[in-house]
1. Let's test the formula: R0 of 60 Å, r as the Cβ-Cβ distance of B:GLU38 and A:SER82. What FRET efficiency results, to the nearest 0.05?
2. Hey, got the dipole for region B:73-198? About the Cα centre, +1 on K and R Cβ, -1 on D and E Cβ, debye to the nearest 20?
3. Could you work out how far apart the two model spin labels at A:LYS4 and B:SER116 are, taking each label as a point 7 Å from the Cα in the direction of the beta carbon, and quote it in nm?
4. Could you line up B:TRP40, B:TRP99 from fewest to most neighbouring Cβ atoms inside 10 Å?
5. Please go through the residue pairs B:LYS3/B:LYS90; A:LYS4/B:LYS83; B:LYS69/B:LYS93 and name each one whose alpha carbons sit more than 29 Å apart in this structure.
6. In square nanometres, what is one fourth of the surface area of the convex hull spanned by the alpha carbons of region A:8-99?
7. Ratio of Rg to Rh for region B:60-121, alpha carbon only, Kirkwood?
8. Over the Cα atoms of chain B, what radius of gyration and what Dmax do you get, in Å?
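What follows is calculated from the coordinates using simple rules that are stated; it is not laboratory data. Fair warning: this is a prediction, and the values are worked out from it, not measured in the lab. A quick note on method: Cβ atoms are made from the backbone with ideal geometry, for glycine too, and the neighbour counts reach across all protein chains shown.
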Amino acid sequence: MSAKPTFSHEISNLMYKSHGNPTKSCIQCGTCAGTCPVAEYMDQTPRRLIGMINANLKEEVLASNTYWFCASCYHCTVRCPSQIDIAGVMYAVKRYSIWNKSYSEDLVGPAFSEAFVKIIARSGRSYEPILAPTYMFSMEPKEFVQEAFNATKMMLKGRIPVLPTRIKHIKNFQEMIRRIIPIGGES
Amino acid sequence: MKKYALFPGCSLEKMAASYYRSSVETTKKFGVELQELEDWNCCGATTYSYIDELLANTLVARNLALAEKEGLDFVAPCSACYKNAYFTNKYIKEDPDLWEHINYALEQDDLQFHGSIEVYHIIDIFAKEIGPEEIKAKVTNPLNGLKVAPYYGCQIVRPRKNGEEFENPQFFEEIIDAMGAEPVDFAERLRCCGASLIMTNRQAALEMVRVLLNNALNSGADVIATACPLCQVNLECYQTAVNEEFGTDFKMPVLYFTQIMGLALGLPRKQLGIGSELVSAAPIFSQVMVKEGK
Ligand code: SF4
Ligand code: SF4
């Protein structure tokens, strides 16, 4: 007769145990927010997001752009006086939002990640040109132009692969992935 | 000759082919052979972890198992690949359940993880395995007067691997010094380049790149040395975008540290993949009279 886990427990459960300390020991010192190079673009600072997780403010946490704007730079993680792996927490919330499809619609990050993983499962390697359209079409026109401009310039310099490289035994590879997560498709 | 399994990762195939070449050519000068890992798969950068941690670890473990099969230690020139490989190697060894589950999946691909190899970043090979003294001894073309900004970025030093220094590391400076060049005091050398935010949050990433370029310029650098393809692409290929966005006029060359090392070792530019930059590195060549060897 176990009680339903709280949101902060769910997030802790999404963190692989080797990461150690989830969020409970946060003393709200703000070191993470002061360190974070992306903080000014986030709607909640890392400190506030950790506080919100501990207060089980699930809706507010998921609606925030903070965890998708985290660049995984680990600067906060190494400085936290309570040894909280804040970057790891951001990953956990990302996973939570992907599996629950509860991220905010206007973000590019989740679409990008899902497209990326689909390509890996298919060919074993990342392949930028296939991936490009899936995220480029969700950009502002100005951004889109910049992206295309860069890609073309890099292509001219021979810096983007023309064909995806496949791993040798793609069937085995896909069977391996199937033992971890359902990826669909025939076997 | 010490041999390592080189894990190129996706970016080194084309985007950062010059990093690949210059890594192979420069290590060769020290009797180190980098042999490309057979049949490797993408390590997922940060994205597998956005989906599932077990998946992320399994895909990385496959590469480790491939290197084990060849009996070689694992070297990655990309900082994100390195971080993933380093921690997967560590986590599996610490957790028998994880080990079992991953081997259960790897079995499908006729592979097993045994935990018998070490994981290095290419900069470790120069900083620790070869060492500044030996580099100095092999330098035929000391880069006197060249001011180099050592850009560590994130994942070489963070998260911490073994309690090593993360607020004030010096190994990059020592390598630059060993080349005869001058490491400048680059205050933001540990700050993030924005990584994949360049695709997912352009605005934030361009600002992060701007801060770094500005700091490198103010520190008097002629060139930024990087040790990661993602950092290199963000700092170099998006300079035009930064200039457009902020009305700046950056023309800062950004080279892989292995390319600069190659110049100091007297290797021809072509062998180091120099010439495919989007921001010309020509100014540094007129400044340092590079005697190119054969
Ligand atoms: S640095 Fe650590 S303890 Fe301080 S606010 Fe951030 S998470 Fe909490
Ligand atoms: S890991 Fe994320 S939250 Fe932490 S400092 Fe870096 S960008 Fe900010």
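1. Values: r = 44 Å, r/R0 = 0.73.
Efficiency at R0 = 60 Å is approximately 0.85.
2. Numbers: 12 positive and 22 negative charges, 100 e Å.
It works out to roughly 480 debye.
3. Using points 7 Å along Cα→Cβ, the separation is 5.1 nm.
4. Numbers: B:TRP40 22, B:TRP99 18.
Exposure proxy ranking, most exposed first: B:TRP99, B:TRP40.
5. On the way: B:LYS3/B:LYS90 22 Å; A:LYS4/B:LYS83 35 Å; B:LYS69/B:LYS93 17 Å.
From the list (B:LYS3/B:LYS90; A:LYS4/B:LYS83; B:LYS69/B:LYS93), the Cα-Cα distance tops 29 Å for A:LYS4/B:LYS83.
6. On the way: hull surface 20.3 nm².
Average of the hull's projected areas for region A:8-99 equals 5.1 nm².
7. On the way: Rg = 10.9 Å, Rh = 11.5 Å.
Reported Rg/Rh (Cα atoms, Kirkwood Rh): 0.94.
8. Over chain B's Cα set, Rg and Dmax evaluate to 19.0, 58 Å.
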